[in-house]
Structure formats: C-alpha cells, structure tokens
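Participant: One structure follows; several queries about it will come next.
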Amino acid sequence: SQLAEENSWALSVHEGESVTVNCSYKTSITALQWYRQKSGKGPAQLILIRSNEREKRNGRLRATLDTSSQSSSLSITATRCEDTAVYFCATDASGSWQLIFGSGTQLTVMP
Amino acid sequence: ETAVFQTPNYHVTQVGNEVSFNCKQTLGHDTMYWYKQDSKKLLKIMFSYNNKQLIVNETVPRRFSPQSSDKAHLNLRIKSVEPEDSAVYLCASSLQGAHGNTLYFGEGSRLIVV
C-alpha cells in the first residue's frame, strides 16, 4: 500500500486562479517532498519540508506540513499554463534509502 | 539543467528479448535509484544503490538486474521482457540516501514490449 497519497486524482483550474493539492501519509517522516512531473520529463523537486517545519515557500508555491494529522498541502497561486503537470508528494520510508511517492495529482491549467 | 542522463530514451522490443538501460549522474552523488512508472503514472522503487552497493531491492521479477560499475553509473538489464514490463524507467540520484535529501531524476527510458 502507498505510504503517501494525494487526495485528488485530477484538478483543473483557469490561469490566474489558485489551487491546492493535498497529501496524507502513514509513517513518521524526516521530511516530506513535493515533486512535479511535466509530460515527457522526470519528476523535479519543488519543495522539501522537514518534520520540524510547518510551512515552506518557493515563489508562487507554498507547502504546509501537519505532523499531528500526517498531512501536507501544496498551494500554487497565480497559476500558469506551464504549471500543468502531475504533482507528487513523497516521503522517506524506514531505513531512508528510498523515497515513496504518492499516486500523483494531474493538474491542468486552462487558458 | 539535466545532470542525470539516461539512454536510450525509447525502446521497442518483442517479448522474450533482452534490453538494457543506462544511467549516469554527474552530480557526485553516492546513491542512485531505479523507479518504474506505469501508464497511470504510479512511481515504484525497484532498486537503490549506495556507492556501488545494493541497498534496496524491492520485490521485482528476477529477470530485472541492476549493474553498477562505479557510483556514477547504474544500469538496468531486463532479460526476457514480458508485456507487463512496458513502462517508463526512471533513474535518479541523491547525495546519500533519501533521508531528507532531494532526488534528481533523468528524463526516463520508455520501454514498449510488443
């Protein structure tokens, strides 16, 4: 079973709108990471938020982490068409020699 | 800027053939990984190596075998491919382990088995 899971399979918004992708996980973690994968490319990290952090920002991106409810969110403001991608949350499993990815959320930003 | 290089990008082969995918990273990282991504975009870890040593070997069929000549290279060989092996194989590297470290991915090698 997945140790991390996004809560939506697909989302669509119009350019300029804000969107939030949610993630829940099942294990204690060192950090939770958000990745984005554009069509034909490998995943690329957006934000790494450590277990002692509650919020992290990267430009238009904001990630939150709630270790008590084992959940995280990634918010994107002022979305652009180029934000269209699959968004994954990922956690390090016990032993920490692998990163376990959620099933991903397909975000489509329409003009 | 790509620092994890995979070849080939795309490969079509018949059931029963052998295929190999190559991966090289120029980041000076100690840990490398192979992930399999299916048609639904699910990413599953297959193997991870640290400094040429096998660390993680998830339950994958025995026809899959990783090969590491040095810590910058991790290849993946598939003997006698099956239709369910059709997928994108993604190579990644990290500084040392996944413990709070970023994974850097290549662009993937798409395998189609006919």
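Participant: Please work out the Cα center distance from segment B:33-60 to segment A:42-95, rounded to the nearest Å.
Facilitator: When both Cα centres are located, 22 Å separates them.
Participant: Using only atoms on other chains, find how many Cβ atoms lie within 10 Å of each Cβ of peptide A:67-77 and report the average.
Facilitator: Taking the mean over all residues of the peptide, I get 0.
Participant: Using Cβ counts within 10 Å as a stand-in for footprinting exposure, how do A:Thr67, B:Thr26, B:Thr59 rank, fewest first?
Facilitator: Ranking A:Thr67, B:Thr26, B:Thr59 by Cβ neighbours within 10 Å, fewest first, gives B:Thr59, B:Thr26, A:Thr67.
Participant: Quick check: convex hull of the Cα atoms in the protein assembly as shown, volume per residue, rounded to a whole Å³?
Facilitator: 118 Å³
Participant: I'd like the Karplus ³J(HN,Hα) series for segment B:42-55: coefficients 6.51, -1.76, 1.60, θ = phi - 60°, whole numbers in Hz, and an x wherever there's a Gly or Pro.
Facilitator: Along segment B:42-55, the couplings run 5, 9, 10, 5, 10, 9, 9, 10, 10, 6, 6, 9, 5, 10 Hz.
Participant: Short version: what are the Cα gyration tensor semi-axes of chain A, square root of 5 times each eigenvalue, largest first, in whole Å?
Facilitator: So the equivalent ellipsoid measures 23, 15, 12 Å along its semi-axes.
Participant: Could you calculate the FRET efficiency of B:Glu84 with A:Arg80 from 1/(1 + (r/R0)^6), where r is the beta carbon distance between them and R0 is 35 Å, rounded to 0.05?
Facilitator: According to the calculation, E is roughly 0.40.
Participant: Let me ask you something else. Just to check I understand the Karplus step: with θ = phi - 60° and J = 6.51 cos²θ - 1.76 cosθ + 1.60, what whole-Hz values come out for segment A:25-40, glycine and proline as x?
Facilitator: 9, 10, 10, 6, 10, 8, 7, 10, 10, 10, 10, 10, 10, 8, 4, x
Participant: What is the average number of partner chain Cβ atoms found within 10 Å of a Cβ in A:40-51?
Facilitator: Other-chain Cβ atoms within 10 Å of each residue's Cβ, averaged: 4.
Participant: Another question, if that's okay. Kirkwood Rh, segment A:54-101, all Cα pairs: how many Å?
Facilitator: So the Kirkwood estimate lands at 12.6 Å.
Participant: In the neighborhood of B:Arg77, defined by Cβ-to-Cβ distances under 15 Å, what is the net charge if each Lys or Arg adds +1 and each Asp or Glu adds -1?
Facilitator: +1
Participant: Can you spot the lysines whose alpha carbon is less than 21 Å from A:Lys41's alpha carbon? Ignore those fewer than 8 places along the same chain.
Facilitator: B:Lys24, B:Lys36, B:Lys40, B:Lys41, B:Lys44
Participant: In addition: What relative contact order, as a whole-number percentage, does chain B give when Cα pairs under 8 Å and 6 or more residues apart are counted?
Facilitator: 37 percent
Participant: Can you compute the FRET efficiency between A:Glu17 and A:Glu53 using 1/(1 + (r/R0)^6), with r the Cβ-Cβ distance and R0 = 30 Å? Round to the nearest 0.05.
Facilitator: Here the calculated transfer efficiency is 0.70.
Participant: Sorted from largest down, what three extents in whole angstroms do the Cα atoms of chain B have along their principal axes?
Facilitator: 38, 28, 25
Participant: Determine the shielding of peptide B:104-114 by partner chains: average, over its residues, the number of Cβ atoms on other chains within 10 angstrom of each Cβ.
Facilitator: 2
We did not get these values from a lab; they are worked out from the coordinates using the rules stated. A quick note: this is a predicted structure, and the numbers were derived from the prediction, not measured. Positions of Cβ are backbone-derived with ideal geometry, glycine not excepted, and every protein chain shown enters the neighbour counts.
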